[in-house]
1. Ranking A:31, B:278 by Cβ neighbours within 10 Å, fewest first, what do you get?
2. Fewest Cβ neighbours within 10 Å first, please rank A:34, A:89, A:44, B:341 accordingly.
3. What ³J(HN,Hα) values, in whole Hz, does the Karplus curve 6.51 cos²θ - 1.76 cosθ + 1.60 give for the stretch A:52-62 when θ = phi - 60°, with x put for Gly and Pro?
4. Return B:308, B:335 ranked ascending by Cβ neighbour count within 10 Å, so the fewest neighbours appear first.
5. Once label points are set 7 Å from the Cα along Cα→Cβ at both residue A:135 and residue A:79, what is their separation, rounded to one decimal in nm?
6. Can you work out ³J(HN,Hα) from phi for every residue in the stretch B:368-374, in order, using Karplus 6.51 cos²θ - 1.76 cosθ + 1.60 and θ = phi - 60°, giving whole Hz and x for Gly and Pro?
7. Structure shown: which of A:105/B:244; A:126/B:349; B:162/B:211; A:90/B:368; A:26/B:223 lie over 31 Å apart, alpha-carbon to alpha-carbon?
8. Please report the relative contact order for chain A, taking Cα pairs under 8 Å with a sequence separation of at least 6, and give it as a percent rounded to a whole number.
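Read-outs: derived from the displayed coordinates by stated rules, not from any lab. Just so we're clear, the structure is a prediction, and the values are computed from it rather than from any experiment. With ideal geometry, Cβ positions are generated from the backbone for all residues, glycine too; neighbour counts draw on all protein chains shown.
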Amino acid sequence: MRRSIRPFKRFVETGRVVFITDGPYKGKTCCIVDCVDQKSVLVDGPETGVPRQKLRLSQIHLTKFKINFPFNGPTKLVRKAWKKNELDDKWSKSRWAERFLNKHKRAALTDFDRFKLKRARSIRNKIRSEEYKKLLKRLYNPIRKTLRNKRAKKRAILKKSKNAESGKKK
Amino acid sequence: MVEKKSAPKEKKTTKKIASKEKKTEKTEKKPTKKIDKKIEKKTEKKTEKKIEKKIKKKIEKKIGKKVEKKIGKKIEKKIGKKIGKKIVKKTDNKVEKKTDGLKTEKSQKKKVKTAVSKKPSSLAYGKVMFQAFLWRGKWRFINKAEAEKARKKKLAKLAKLKSEKKEIIQKAKKKKRPTIVTKPIKGEKNGEFRKIHLKRKNYYPSLKRPKAHRPRGFYSKHKRFFRPSLTPGTVLILLAGVNKGKRVVLLKNLSSGLLLVTGPYLLNGVPLRRVQQCHVIGTKTKLDIHSLNLPAKLNDQFFKRIIEKKKIKKGEKTIFVPKKKSYQPNAERKELQKVVDKQLLEVIKKHPQKKLLLAYLSAMFGLKNNQYPHRLQF
């Protein structure tokens, strides 16, 4: 039964990196140190500015990252493990962090910015759609198809004649 | 007149009766010179004639002397008036005193004087003793002397009442209740008596007194407050009116609490107009408007609506409903619009993102799916 597929990949466990969605430290990452009970965990984020504290699981989303340090380890060890794994870098490069940032950027846009974005998008979309149309034309233009067929026929005839000539020589 | 009717009855009466009748007439407040004349004619006797002649001579002498002294017709008239007045007054007084027969004779002598002196008829008649006035379509007369008497009586009554009132008030003042009363209290260890305030005190330490309201004057002179985002030069989004959804430039915060705004007209068709600040969203995009030289004419008075009252002439009335005239800006507004637009466009052209700004101001505002104005930033 070794090959059995694990249904869950992320667990509430020591060293699991976590994204805080609620409370005063909303939008920051940290990692679980210990489980307090079924609903809450002890959390520590020395590198991200989250002090060691108890958080409810409903305030937390589990990420794919995990670091290794002994169960119930002090802040010193947590920091060491965080740095060793370069988690700041890893997190900022993740798609999750990117989307999170973009959401905030979009919310902070002023009316004029929104107008500019709209314009930029429309210009981009125009270029893109023209390009797309060109590709479509190349593939499905009936005239081109016939031309291509004609050329192919010509080539085939030439080939035949060549073959015939070579055969005669032989 | 009533007096005329009463005259024929008196034809065959004696002196005394005549005098009595005169009394009654006078009590009726209608003494006239005409009546006097008639009565005199009726009661002609030798003795009276003699007296008449004497009095005539005397009066003629008097008047003649005076006329000689003060020459002129006007003066003569004046004198006549004065004499007439005096005579009438004297006669009245005597009658009121209910004089005897002898006295009436004296009074008659004086009445005779009036007849003999041939003064203008309007002199003693009514002018002195009576006041005529129109009331409910009829001419009424008041005897001045009688009226004054009545008035004096009234005044006396009022004075009496006043004095009575004063007395009552003074009595009430004397009986002022004491503010604090000491009352005995039963039971042991209760201090035997207690002081009780009968009146509410003016001050209690825990009492909160309502503050007096600050007088603010007329509405037109109230202080106006504008949202901090609404400073001159900001781009606004209009939310109401004909131009709703359009983006405009705020030029000035007017003293009436309204915002002076323009499209500019060349870009989006919004003319110079005033807008309520509640019908507007202020954005964060701001133009540097300091170089703009706004004409001083652009104030609240300039934008006040002019309502022309039409006077329909009688001949011009038609059955058809007249066509409503649509609003058209006058030449002055058009000119000012041009002046302001020119300057504003120059300001916009100096902006680093000039092309985008021009497009932005000429474009309409709108919400897309999943865009909520309370979550957006402007």
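1. In increasing order of surrounding Cβ atoms, one gets B:278, A:31.
2. Taking fewest neighbouring Cβ atoms as first place, the list is A:89, A:34, B:341, A:44.
3. Taking θ as phi minus 60°, the curve returns 5, 6, 8, 10, 6, 5, 6, 8, 10, 10, 7 Hz for the stretch A:52-62.
4. Ranked by crowding around the Cβ, least crowded first: B:308, B:335.
5. Result: 5.1 nm between the two label points.
6. Computed from phi, the couplings for the stretch B:368-374 are 9, 4, 6, 10, 10, x, 6 Hz.
7. Distance filter (> 31 Å) returns B:162/B:211; A:90/B:368; A:26/B:223.
8. 14
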